Amino acid sequence: MFIDARTLEQDHVIRATVCIIGGGVAGLAIALELDNLGIDCCVLESGGFDPDDATRDLYRGQDIGLPYRFADGCRSRYLGGSSNCWGGWCRPLDPWDFEARDWIPHSGWPFGLRELAAYYRRAQSVLKLGPDNFSPQYWEAAIGRADCRRLPLPSGKVRDTVSQFSPPVRFGKLYRADLARARHVRVYLHANAVNIETDQPATRVRRVALATLSGRGLAVQASQYVLACGGIENARLLLASNRVEPAGVGNGHDVVGRYFMDHPRMQSGRVVFSRPWARNKLFDIKYHYMNRAVAARGVHVAAQLALAPEVLAQERLLNARVWFNSAFPGEGSAAAGALYRCKQATLHKEQPGWRLGSDLATMAAHPLDTLGYGFTRIMQPRWLIKEVRFQAIVEPEPDPDSRVTLSSDSRDSLGMPRVRVDWRLGRNVQRTFDRTLAIIGDELRMAGVAHVAQGPALEGGPWPSSLEPEGTWHHMGTTRMHESPRLGVVDRHCRVHGMGNLYIAGSSVFPTAGANFPTITLTALALRLADRLADTLRQAEAVMAHGDGAALPA
């Protein structure tokens with residue numbers, strides 16, 4: 001059921017067993033799972049079914065660290081959340097991403113990959129992926145094309161990996177009918193959470209205050225609460241809810257908002273393939289992204305290169321993923337940008353301010369760039385490629401000084417303090433970028449795949465550098481998971497330390513980020529949290545029914 005919060009009476013109180021704040025991937029995955037389990041819940045979505053400028057403005061803030069764009073086009077504040085602007089890349093984290101590594105301060109999850117394995121399999125279905133199989137051998141055989149072969153990697157230092165693509169699932173569209181007919185879910189649109197109200201010792205949430213942009217003031221009272229607003233907004237709401245605890249809810253040890261992470265993405269070097277490998281599409285983003293040629297079993301896939309875990313340990317590096325990026329005629333031109341935006345529109349990706357007419361005029365004004373870039377993208381002739389470069393994303397180090405804070409002098413139209421994002425990257429990110437590309441370059445030369453000219457080194461230079469990192473808009477870490485409340489905001493079950501009925505969902509709970517795209521992992525964690533909530537409620541009912549003093553799960 002959908003309800004427009006703007007139609008409710010002033011001071012109306014919504015009552016539910018579980019209140020989920022946020023209608024993105026994590027929030028809707030939990031809501032749909034709770035509906036299947038017969039548990040009453042409400043979902044609070046800030047926006048409506050489509051984007052609007054007034055709601056989008058609530059996301060805006062200031063970047064005060066590395067140059068970093070984190071609002072328009074990077075997040076979507078309407079039903080479906082950031083699934084409205086993601087590209088669909090999916091791959092589970094590597095087993096060692098969960099481990100404490102002595103060369104990476106603050107690394108390690110409270111549990112390993114085995115804990116999430118069953119939930120990853122369930123997430124495959126939610127995200128409309130293919131079989132639970134990420135083996136390069138499997139997908140090479142399934143595709144069965146000469147131009148989609150795995151690369152020879154003789155030394156064992158480099159490995160190939162495969163990601164699957166979600167269609168991509170736009171949660172607000174694909175699951176709208178399910179939510180509309182759900183018996184146990186009510187979705188409140190245009191309902192903005194503005195304060196988490198706790199009891200006086202700040203050990204339980206009493207209710208959540210809501211506001212609409214039309215001026216309504218509302219509230220929610222529930223047994224359990226889940227905060228699922230994303231890696232920036234989760235921290236923002238906790239910090240702003242400071243009427244009982246001056247530092248904010250769950251922030252007794254000044255951890256909320258710290259350890260902000262995103263995967264830096266950079267291009268470098270020059271790759272000249274030998275003739276047998278010059279037409280391979282499997283590892284090139286210009287050819288493998290949503291390409292019917294690089295697909296099997298109804299699933300689009302892409303391959304990337306990475307270092308073997310023992311090499312990461314020997315070299316004391318962060319994790320990374322590397323692929324090739326071919327440069328086409330017209331690359332970087334205004335016409336190429338216009339063509340790219342038009343393609344994104346066909347994928348129903350939110351692009352604030354996009355106008356088809358404007359881009360058509362741009363393409364008409366630059367016919368050579370339009371034809372050159374468009375022809376190469378559609379027909380894929382290798383002979384027109386200007387050059388091929390490496391593209392890499394690198395695991396960020398968890399850094400307590402990379403953080404999200406609140407502005408002291410800027411507020412949005414609801415009166416909420418705007419955010420200040422201080423994105424920082426450590427020296428090991430630079431070193432990982434340099435060494436990973438060097439080792440992969442050596443491997444390609446040794447295997448006779450390509451000649452590689454390395455780009456300028458990053459290590460020892462300043463941030464930003466001549467190779468300025470671009471974010472991938474994977475907002476992680478700001479309410480990180482740790483067994484100790486001094487080092488994390490939530491425990492292994494995603495419950496806020498010291499709070500009896502407040503949980504957090506999404507990538508903000510990631511202690512480390514790995515080098516894989518986060519959506520499948522945050523979906524797996526959301527499904528795990530739904531099971532946890534169901535167990536907690538069942539045990540509470542048992543205590544109420546029998547009065548036997550049985551303990552609730554810690």
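Putting +1 on Lys and Arg Cβ atoms and -1 on Asp and Glu Cβ atoms, find which of 390, 524, 235 reaches farthest to the positive end of the dipole of the chain.
So the residue we want is 390.
Starting from the Cα coordinates of the range 75-196, work out the convex hull volume and express it per residue in Å³.
With only Cα atoms used, the range 75-196 gives 202 Å³ per residue.
Between residue 197 and residue 100, what is 0.36 nm times their sequence separation minus the Cα-Cα distance? Round to one decimal in nm.
31.4 nm
Can you tell me the orientation of helix 367-379 relative to the chain, as the angle in degrees between its alpha-carbon axis and the longest Cα principal axis, to the nearest 10?
80
Evaluate the range 28-89: find the radius of gyration of its Cα atoms, find its Kirkwood radius, and give the ratio Rg to Rh. Don't skip to the end; give the middle numbers.
Working: Rg = 14.7 Å, Rh = 13.6 Å.
So for the range 28-89, dividing Rg by the Kirkwood Rh gives 1.08.
In whole Å, how far is the Cα centre of the range 150-212 from that of the range 414-474?
28
Can you give me the distance in nm between label points at residue 180 and residue 408, each placed 7 Å from the Cα along the Cα-to-Cβ direction?
About 5.0 nm, to one decimal.
Under 27 Å Cα-Cα from residue 343, which lysines qualify once same-chain neighbours fewer than 8 residues away are excluded?
In chain and number order, the partners are 128, 173, 281, 286, 386.
Neighbour counts of other C-beta atoms within 10 Å: give me 318, 384 arranged from fewest to most.
Exposure proxy ranking, most exposed first: 384, 318.
Can you work out the FRET efficiency for the pair residue 293 and residue 111, with r the C-beta to C-beta distance and R0 = 51 Å, to the nearest 0.05?
So the FRET efficiency works out to roughly 0.85.
Take the Cα pairs of the range 380-433, get the Kirkwood Rh, then feed it into Stokes-Einstein at 25 °C and 0.890 mPa s and tell me D in µm²/s.
161
Explain nothing, just compute: Karplus ³J(HN,Hα) = 6.51 cos²θ - 1.76 cosθ + 1.60, θ = phi - 60°, for every residue of the range 436-449 in order, whole Hz, x for Gly and Pro.
Working through the residues one at a time gives 4, 5, 5, 5, 5, x, 4, 5, 5, 5, 4, 7, x, 7 Hz.
Give, to the nearest whole percent, the P(r) tail of the range 251-352 beyond 17 angstrom, counting all Cα pairs.
Tail of the P(r) past 17 Å holds 72 percent of the pairs.
Over the alpha-carbon set of the range 462-535, divide Rg by the Kirkwood Rh and report the Rg/Rh ratio to two decimals.
Over the Cα atoms of the range 462-535, Rg/Rh equals 1.09.
Alpha carbon centre of the range 383-408 versus the range 278-304: separation in Å?
The two parts, judged by their Cα centres, are 23 Å apart.
Output the direction-averaged projected area (hull surface divided by four) of the convex hull of the alpha-carbon atoms of the chain, in nm².
Directional mean of the projected Cα hull area for the chain stands at 25.6 nm².
Report, in deg cm²/dmol and to the nearest 500, the calculated mean residue ellipticity at 222 nm for the chain, where each DSSP H run with n ≥ 4 adds -39500 (n - 2.57) and the sum is divided by the residue count.
-8000 deg cm²/dmol
May I ask you to give the average projected area over all directions of the convex hull of the Cα atoms of the range 1-42, in nm² rounded to one decimal?
3.3
In nm, to one decimal, how far is the modelled label at residue 442 from the one at residue 468, with both set 7 Å along Cα→Cβ?
3.3
Given a Förster distance of 60 angstrom, what is the FRET efficiency for residue 454 paired with residue 54, based on the Cβ-Cβ distance and rounded to 0.05? Mind showing how you got there, number by number?
Details: r = 48 Å, r/R0 = 0.80.
That pair, residue 454 with residue 54, gives E of 0.80.
List every residue whose amide H lies under 5 Å from the amide H of residue 107, counting only residues 5 or more places away in sequence or on a different chain, with H placed 1.01 Å from N in the peptide plane.
Correct list: 101.
Would you please classify the overall shape of the range 169-218 from the alpha carbon gyration tensor, given that a ≥ b ≥ c denote the square roots of the eigenvalues, rounded means a/c under 1.5, and beyond that prolate means a/b larger than b/c while oblate covers the rest?
Cα axes put the range 169-218 in the prolate bin.
Quick one: plug the Kirkwood hydrodynamic radius of the range 168-322 (C-alpha pairs) into Stokes-Einstein at 25 °C, 0.890 mPa s, and report D in µm²/s.
117
Rule-based calculations on the coordinates, nothing more; no lab input. No experiment lies behind these values; they were computed from the predicted model shown. We place every Cβ from the backbone using ideal geometry, glycine too, and count neighbours over all the protein chains shown.
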